[in-house]
Amino acid sequence: MPTEMIKDGDFSTMNITPKQVLELAVKYIGYKEKASNKDLYSFTDNAGRGNFTMFQAELDKAKFWNTPKNGYEWCTSFVAWCFWRIAGSEAKDILCLTGPYGASCVSWAKYYAGQARLFTKPEVGDQYFQKDTRDGLPCHTGIVESVNGSTFVTIEGNYGNAVQRVRHSLNSGTVYGFGRPKYTAESEDEDMVRWKTVNDVPEGLYRDTVRQLMQDGIIKGKGNGVVDLTEDMLRVTIYNKRMIEAMLEK
């Protein structure tokens, strides 16, 4: 864990992937917010509900937001910090922060929507926005770590006054949407969305194709409709099937 403030850009890199962001976020699971502006770099000392954290302190020093945020709700600052530590000042563009850079979930979701990067289904590395059931607006945020059918797992700051891993359901009624950062390199296969069952495969051509491949015995599955596929795996299967069919016709 760092023991002093990080200067803006010290850890910047030309590429940023979901894997990089998540590997950093995971290291801080268990970090507790502070009662006051001290012991910011300890995971547990001075724990309280003052909304003081190392994440906001470093972003304030870098003048990342439009005004200092240490001492305020910090879920957005945790997400921003994870990207800033890797990409420096470029994090603002990667996170679609094209406005005055306020740390509001409502504004941030609008920035994503304005660039057609707000989605209803999650992918690994997406920014999750929780919906306030009272007014329907986004009220909390985190980073999607994994997706399995209608269940997804996030790493969130300011969840129970700490950084925690949280499991969610798309059917909970509390999902506002998913902002998709502008990652500059493709994520690895293990970071891709996996379709656990046939019904998780997007409707239309993909789902119809999977059903036909299962009927033809090409995709065996694991029983009860479980297929455990990624999009790339399906594309390769379709390509190979077409190659074999073309060879047999000769």
Just the residues that are charged (D, E, K, R) and either crowded, with 21+ Cβ neighbours inside 10 Å or under 14 Å from ILE155 (Cβ atoms) (or both), please, taken from the stretch 68-95.
LYS69, ARG85
List the residue pairs whose Cβ atoms are under 8 Å apart, where the first residue sits in the stretch 90-114 and is under 17 Å from PHE129 (Cβ atoms), the second is of a type in the set (Lys, Arg) and at pLDDT below 90, and the two are 6 or more positions apart or on different chains.
none
Elements of type helices (runs of 4 or more DSSP H) contained in the stretch 37-147, each with 1 or more residues being aromatic (Phe, Trp, Tyr) and over 30 Å from TRP195 (Cα atoms):
54-61, 75-87
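Taking only the stretch 148-172 into account, find how many residues are in contact (Cβ under 8 Å) with a residue 40 or more places away in the chain and either closer than 27 Å to TRP195 by Cα or not in a strand (DSSP E or B) (or both). Spell out how you get there, then give the answer.
First, pick out the residues of the stretch 148-172 that are in contact (Cβ under 8 Å) with a residue 40 or more places away in the chain: 148-150, 155-159, 161-165, 168, 170.
Now restrict to residues that are either closer than 27 Å to TRP195 by Cα or not in a strand (DSSP E or B) (or both): 148-150, 155-159, 161, 163-165, 168, 170.
Going through the stretch 148-172 one residue at a time, the tally reaches 14.
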ALA113 - would you say it is under 17 Å from the mean Cα position of the chain (by Cα), buried (at least 18 other Cβ atoms within 10 Å of the Cβ) and not acidic (Asp, Glu)?
no
Flag for GLU58 being within 23 Å of the chain's Cα centre (by Cα), modelled with pLDDT of 95 or more, crowded, with 20+ Cβ neighbours inside 10 Å and on the phi < 0 side of the Ramachandran plot:
yes
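The values are calculated or read from the model by the stated rules, or taken from the named source; none is laboratory data. Not measured: the values here are computed from a predicted model. Positions of Cβ are backbone-derived with ideal geometry, glycine not excepted, and every protein chain shown enters the neighbour counts.
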